[in-house]
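Peer 1: Here it is, the structure, as structure tokens.
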Amino acid sequence: MSWVGSRVKRVEDPALLKGEGRFVDDIHLPGMLLAAVVRSPFAHARIAGIDASAALAIPGVHAVVTHADLPEAFRQPLPLLVPNPAIRYPVMQHVLAKDAVHFVGEAIALVLADDRYIAEDGVDLVVVDYEPLPAASDFRKAAAAGAPAAHAGRADNIAAEFAVGYGEADQAFARAAHIFKEELFQHRGAAHPMECRAMLAHQDTLTGTLTIWANTQAPHQLRDVYCRMTGAADDRVRVIAPNTGGGFGSKVQTYPEHIATAAAALLTKLPVKYIEDRREHFLSTHQERDQLWTVEIAVDGDGKVLGVRGSLMHDSGAYLPWGVITPFISATTMPGPYVIPAYRMKVTCVFTNKVATTPVRGAGRPQAAFAMERLMDRVARELGLDPAEVRRRNYVPADRMPYAVGLTFRDGSPVVYDSGDYPACQQLALDRAGYDGFRAEQASVRAEGRYLGIGIGSYIEGTGLGPFEGATVQVTPGGQILARVGSSDQGQGHRTMFAQIVADRLGVGPDKVTVTVGDSGGVAYGIGTFASRVAVNAGSSAHVAAGKVREKAIKIASHLLEAAEEDLDLGDGRVFVKGVPAVGKTLGEIAAFANGMPGFSMPAGITVGLEDTSYFTPQRSTYANGCHVAVVEVDVETGGVKILRYVTAHDCGTIINTMMVEGQVAGGVVHGIGNALFEWMRYDDDGQPLTVNFGEYLLPLATETPCIEQAHMQTPTPLNPLGVKGAGEGGTIPAAAAIAGAIDDALRPFGVKITQVPVTPEYLLDLIHKKS
Amino acid sequence: MHPFTLDRPRDLAAALALRAQAGRNDAPAEYIAGGTDMVQLLQEYVRQPERLVSLAGLLDNRIEIGPQGLRLGVAATMAEVAADPAVVEQFPLISEALLNSASPQVRNQATMGGNLLQRTRCPYFRDVGYAACNKRAPGSGCAAIGGENRWHAVLGTSDDCIATNPSDLAVALVALDAAVEIRGAGGSRSLPLVDFHRLPAATPHIETVLEPGEVIAAITVPASSAARRSHYLKVRDRASFEFAVVSAAVALEMDGARIRQARIALGGVGTKPWRVPRVEAALAGASLEPQSLRQAAALAAENAHGRGHNDFKIELMQRAIVRAVEIAGARA
């Protein structure tokens, strides 16, 4: 049997359920100092001076570290990791604010003390002399001429401008039977993992090695940024990501606080820990926030799309830590699962005095799906067609795979949908949802004054982005099978997944494979856990490395057993002679041989150690796809929306563990429900954040979450040996689109059209009021 | 959180004396009971007392029902009251309002007294990053009036404050003509709950009529046949663990198909729990026909004043009244 494809229980869970998980805050080092951060209360201000003397006078405060106190290598901005020629002004945040602050919550100083209580008392006594400056808050206003500059001295707030597209869009519009235009405001809030950011830095005085424990999604990136800034050698810095309570994109980034905490450890020669609290998370951890789409669609008389064009404005926040990645993904995802003969999208990124925006689960794709699906619904409405039929007429048909869209993706490779059957996936979702029978139900309850609606959200997702991820598989003389994988886990169950993959190759159960993840000391190079890329990249690496170990085990056994390799088989942790299972060698025995004996030469052709390290490098992204169907009831008197049913059909290629994929999809949908109806990070005109706790910033709870009914398709991709595609974000991508479509459908008697998410009760009541 | 001293007095008299020493505003001493609201306020630096006086174990937590009605010891938890069989049977409005509040964890910890005294959810009040909040810093102004005010009140507001009272329980109790027993060093007094919270006027930082050194000892609710035919309708952004956008507590005495007497209070729209006597008067003798309910409900909006983002509440609260009356009226 194959472990890949089985519902293997997560190896991570027993420890987590018993409270034996080890998160950064569970690590206590002797002499450790606790840090609290002095953060800007202003969205935009000059810093005229800092007086830390009162804080330093508190017993238990060891140091106050400001920009001026940092070693020279740390007195610089963080590097722009993903440059792009479209960026006009690559402004990056300093490790600690130098002479100005550009968002509420920007880190200015660390107070280091014996405990967090004392450190926070110290923060209260650090006197910062601010000279407040006008702030750019709403990105639409900030983009206009004459708006307050987010960065003093700049003529405008345009951070970057670029366009993507192909074909002759304007010609397509000139010959179109119908053209429909929409202006769509989309807000996505932030990621909000259960565990806020956490980090602990310690330089070992014996070896000089700096170790940083951080709940990061990208331990190697954190190491590399640190080394790039300070000139430290790779092997002097080790980053370990222990148990981590969620990330959803927010923990991919190397933050100024990471580098500042490391600097503080160097300065004090003591371990320094910083644990972010939730309010700080609302202020200082990256968000995704606002986009404004102005889009047009051209169709022929049958609703076949001729072209799409428009413009997209994106709120970048105060800095560009990941360049223009999010809006770039948005713009290149817009064509979605459809044949769009001509496409052009102009993108404008706007600086505001708010915390930077970087990818959150879906990474700009939910907005693209929302824009495209709203246009599809509009076409259906205007032409009197069923929304499912309009989509059916425009899907990329299965026989056109692989399908080259005509765009270049963020990694520079062409956007090519490698595999999948989009119409069949839609049909699967419609059948599961009982789409054809819904209209009768809708009509009957409408007679009772109830408003039910059904909506469809189709999507594609470029997953498994390169360049690589690494895995080492090793067998010890004791027979233990070890797998070290560079990428880190935030709760997804990566260790279970890798154990399944390795177990299949080595003929053992997953319980026999011990997996280590998230340690830059375990695998030399790594990229990170994001872009639904770990199964594709690291999974394939584990598969390849375990396969090499298998080959090597058979080769060595062939030598030991004096049998031809083709006469040997591997199973149950042994290599044995086919047909004579009693004659064989265990993997441990083979490993002991491969590890050599003192003074004896290795046999010809046999290399040292029963192990292999592989770095799988995909040639380009593989495209997952799916279709969601939402059924909602709208209370037209209160503006309340209740999701009655939610059905997903998706195709992430080969499924490694159905149970974990279902967990990912369900969690993703809940994230999307938050985007559709609840999550709104509000700021006032001065750039002051208003929703800085979960009382005001609403996450969906169990009461807002219907049972997520899931159907799976498996179209293996030819682009990696496992045939897998990413599954971590697809649940989120079409959710807001499907829910908005369902609300529209429910309110057809009023002629209401949703052009904003999240959909708040007052927004709905206003739309209904204007139409009735 | 600012450092403070925690006092754990042995009896109520000592607790009252400790608090009475302090002044009324910017009190250097504050009471803490369940702590579900106070601890948040401390953590966010909204309250910065020098001393916290614990009331744990000093106050009555009994739930008693007799021919006169209901008496709730002020230290009874939200969960205890909500689940009390006699409350569920005879005062379902109270149980409904409580179960629609907060989360199970909070309800296990929070007390009756703390619920009535919880502070507003106005984000400007709760974030010391804003200088302007007359409730937190008297005389500093009101950032909500010209700011993001979709959460704010449309009734009972002043030019100095438009914050809502967030309690669901208080809305239900006001509808049921509840009273509070207040105890101080000088003795006890009782007054209708509807008179307990003050309008903000020019002093929004003074939210109740409690004098320094006084505590609520108990809540009493008179027996009434209306108490059973009731409904607490809570319109909110999320179906659990969320404060009301608008709520309506309705208790009806019916005379056949007609309303003999209606008692109605609103939440989420007033600067205090908001009774609507004009609506009640219009409903007396009315049928449950939608038209007459709408006409009566419209009277709730007579002095309502939106500030932009919260304008929608004026219509929404009328609809909430209509629906709550319909639901209560349909109950046996």
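Peer 1: Would you calculate, for chain A, the mean residue ellipticity at 222 nm contributed by helices, counting each DSSP H stretch of 4 or more residues as -39,500 (n - 2.57) and dividing by all residues, to the nearest 500?
Peer 2: Taking each H run of at least 4 residues, the total per residue is -8000 deg cm²/dmol.
Peer 1: What relative contact order, as a whole-number percentage, does the stretch B:5-56 give when Cα pairs under 8 Å and 6 or more residues apart are counted?
Peer 2: Once divided by the residue count of the stretch B:5-56, the mean separation gives 54 percent.
Peer 1: Counting only protein heavy atoms, what percent of the accessible surface of the protein assembly as shown is carbon or sulfur at a 1.4 Å probe?
Peer 2: Taking all protein chains in place, the protein assembly as shown shows 52 percent carbon and sulfur surface.
Peer 1: Still on this structure, please answer the following. Highest first, please rank the peptides A:461-469, A:403-411, A:584-592, A:623-631 by the mean number of other Cβ atoms sitting within 10 Å of their residues.
Peer 2: The peptides rank, most packed first, as A:623-631, A:461-469, A:584-592, A:403-411.
Peer 1: Summarise the partner chain shielding of B:239-252 as one whole number: the mean count of Cβ atoms from other chains within 10 Å of each residue's Cβ.
Peer 2: Per residue, the number of nearby Cβ atoms from other chains is 3 on average.
Peer 1: Could you check the simple spin-label distance between A:Glu709 and B:Ser225, using points 7 Å along Cα→Cβ, in nm with one decimal?
Peer 2: 4.8
Peer 1: Looking at the stretch B:288-330, which residues lose a minimum of 10 Å² of accessible area between their chain alone and all protein chains in place, measuring with a 1.4 Å probe and not counting ligands or nucleic acids?
Peer 2: Buried-area filter returns B:Phe312, B:Leu316, B:Arg319, B:Arg323.
Peer 1: Full-extension gain between A:Ala398 and A:Ala155, please, as 0.36 nm times their residue separation minus the C-alpha to C-alpha distance.
Peer 2: Fully extending the segment from A:Ala398 to A:Ala155 adds 82.5 nm.
Peer 1: Grab the beta carbon distance between A:Ala163 and A:Gln756, set R0 = 22 Å, and tell me the FRET efficiency rounded to 0.05.
Peer 2: 0.35
Peer 1: Another question, then. Non-local amide H neighbours of A:Ala109 (under 5 Å, H modeled in plane, Pro and chain starts lacking H): which ones?
Peer 2: For A:Ala109, whose amide H was placed from the backbone, the distant partners under 5 Å are A:Val38.
Peer 1: Find the relative contact order for the stretch A:469-616 and round it to a whole percent, using C-alpha pairs within less than 8 Å whose residues are 6+ positions apart.
Peer 2: So the answer I get is 32 percent.
Peer 1: Something else: I want to make sure I understand the PRE zone here: with the label point 7 angstrom from the Cα of A:Arg236 toward its beta carbon, which residues in the stretch A:252-283 have backbone N atoms less than 19 Å away?
Peer 2: A:259-272
Peer 1: With θ set to phi - 60°, apply the Karplus curve 6.51 cos²θ - 1.76 cosθ + 1.60 along the stretch A:462-477 and write out the HN-Hα couplings as whole Hz, x wherever there is a Gly or Pro.
Peer 2: x, 10, x, 4, x, x, 5, 8, x, 8, 10, 10, 9, 10, 8, x
Peer 1: For A:Asp766, A:Asp121, give the ranking by accessible area with the largest first, probe 1.4 Å.
Peer 2: A:Asp766, A:Asp121
Peer 1: If you don't mind, there's one more thing I want to ask. From the phi angles alone, apply the Karplus equation (6.51, -1.76, 1.60; θ = phi - 60°) to the stretch B:123-140 and give each ³J(HN,Hα) in whole Hz, x where the residue is Gly or Pro.
Peer 2: Listing the rounded values in order: x, 6, 5, 8, 10, 5, x, 9, 6, 8, 7, 5, 6, 8, 10, x, x, 8 Hz.
Peer 1: Right, something else. Under a no-solvent Debye model with one identical scatterer per Cα of the protein assembly as shown, what's log10 I(q)/I(0) at q = 0.05, 0.08, 0.09 Å⁻¹?
Peer 2: With no solvent term, the Cα-only Debye profile gives -0.37, -0.93, -1.15.
Peer 1: Quick one: putting +1 on the C-beta of Lys and Arg, -1 on the C-beta of Asp and Glu, what dipole do you get for the stretch B:5-56 around its Cα centre, in Debye to the nearest 20?
Peer 2: Around 160 debye, computed over the stretch B:5-56.
Peer 1: List the accessible area buried at the contact between B and A, summed over both sides and calculated with a 1.4 Å probe, in Å² to the nearest 100.
Peer 2: Rounded to the nearest hundred, the buried surface is 2600 Å².
Peer 1: I'd like the trypsin sites (Lys or Arg not before Pro) in the stretch A:217-269 restricted to DSSP loop residues with at most 14 other Cβ atoms within 10 Å, sorted by number.
Peer 2: A:Lys269
Peer 1: Mind grabbing the accessible area of A:Asp612 for me, 1.4 Å probe, Å², rounded to tens?
Peer 2: For A:Asp612, solvent-accessible area is about 30 Å².
Peer 1: Of A:Lys141/A:Lys273; A:Lys512/A:Lys552; A:Lys753/B:Lys234; A:Lys273/A:Lys354, which sit over 30 Å apart, Cα to Cα?
Peer 2: A:Lys141/A:Lys273
Peer 1: Amide H to amide H under 5 Å from B:Val235: which residues, 5+ apart in sequence or cross-chain, H placed 1.01 Å off N in plane?
Peer 2: B:Val245, B:Val246, B:Ser247, B:Ala248
Peer 1: Past 22 Å, Cα to Cα, is the threshold; run A:Lys251/A:Lys346; A:Lys771/B:Lys313; A:Lys9/A:Lys642 against it and keep the listed order.
Peer 2: Violating the 22 Å Cα-Cα cut-off are A:Lys251/A:Lys346; A:Lys9/A:Lys642.
Peer 1: Keeping all protein chains in the complex and leaving out DNA, RNA and ligands, what accessible area do you get for A:Glu276 with a 1.4 Å probe, in Å² to the nearest 10?
Peer 2: Using a 1.4 Å probe on the heavy atoms, I get roughly 10 Å².
Peer 1: Under a point-charge model restricted to the Cβ atoms of Lys and Arg (+1) and Asp and Glu (-1), what is the dipole moment magnitude of the stretch A:469-616 relative to its Cα centre, in debye to the nearest 20?
Peer 2: Value, rounded to 20: 160 debye.
Peer 1: Determine ³J(HN,Hα), in whole Hz, for all residues of the stretch A:644-660 in sequence, where each value follows from phi through the Karplus function 6.51 cos²θ - 1.76 cosθ + 1.60 and θ = phi - 60°; x replaces Gly and Pro.
Peer 2: Per-residue couplings from phi come out as 8, 9, 9, 10, 10, 10, 8, 9, 10, x, 4, 8, 7, 8, 4, 4, 6 Hz.
Peer 1: Counting other Cβ atoms within 10 Å, which GluC sites (Glu not before Pro) in the stretch A:628-711 have at most 16 and lie in a DSSP loop?
Peer 2: In loop regions of the stretch A:628-711 (DSSP not H, G, I, E or B), there are no sparsely surrounded GluC sites (Glu not before Pro).
Peer 1: Can I ask one more? Counting only other chains, and only Cβ atoms inside 10 Å, what mean value do you get across the residues of A:695-704?
Peer 2: 5
Peer 1: Follow-up question, since we're still on this one. So how far apart, in nm, are the two label points at B:Ala86 and B:Val128 if each is 7 Å from Cα heading toward Cβ?
Peer 2: The two pseudo-label positions are separated by 4.4 nm.
Peer 1: Output the relative contact order of chain A, whole-number percent, from Cα pairs under 8 angstrom with separation of 6+ residues.
Peer 2: 16
Peer 1: Right, here's the next one. Just give the residues from the stretch A:740-772 buried by at least 10 square angstrom of accessible area in the all-chains context relative to the isolated chain, probe 1.4 Å, and say none if nothing qualifies.
Peer 2: A:Pro761, A:Glu762, A:Leu765
Peer 1: The stretch A:123-197: which GluC sites (Glu not before Pro) are DSSP loop and have at most 16 other beta-carbon atoms within 10 angstrom?
Peer 2: Answer by residue number: A:Glu168.
Peer 1: How much area per residue is accessible in the stretch B:225-330 when the probe is 1.4 Å and only protein heavy atoms are counted (Å²)?
Peer 2: That works out to 37 Å² per residue.
Peer 1: On a 1.4 Å probe surface of the protein chains, which of A:His671, A:His28, A:His202 comes out largest in accessible area, and what is the full order?
Peer 2: A:His28, A:His202, A:His671
Peer 1: Can you sort A:Lys181, B:Lys272, A:Lys273, A:Lys753 by solvent-accessible area, 1.4 Å probe, largest first?
Peer 2: Putting A:Lys181, B:Lys272, A:Lys273, A:Lys753 in descending order of accessible area: A:Lys181, A:Lys753, B:Lys272, A:Lys273.
The values are calculated or read from the model by the stated rules, or taken from the named source; none is laboratory data. Values in this document were obtained by computation on a predicted structure and should not be read as measured data. Ideal geometry is used to build each Cβ from the backbone, glycine not excepted, and the neighbour counts take in all protein chains shown. Each accessible area value is taken on the protein alone, full model and side chains, heavy atoms only, with ligands, DNA and RNA left out. Shrake-Rupley method; radii C 1.70, N 1.55, O 1.52, S 1.80 Å.
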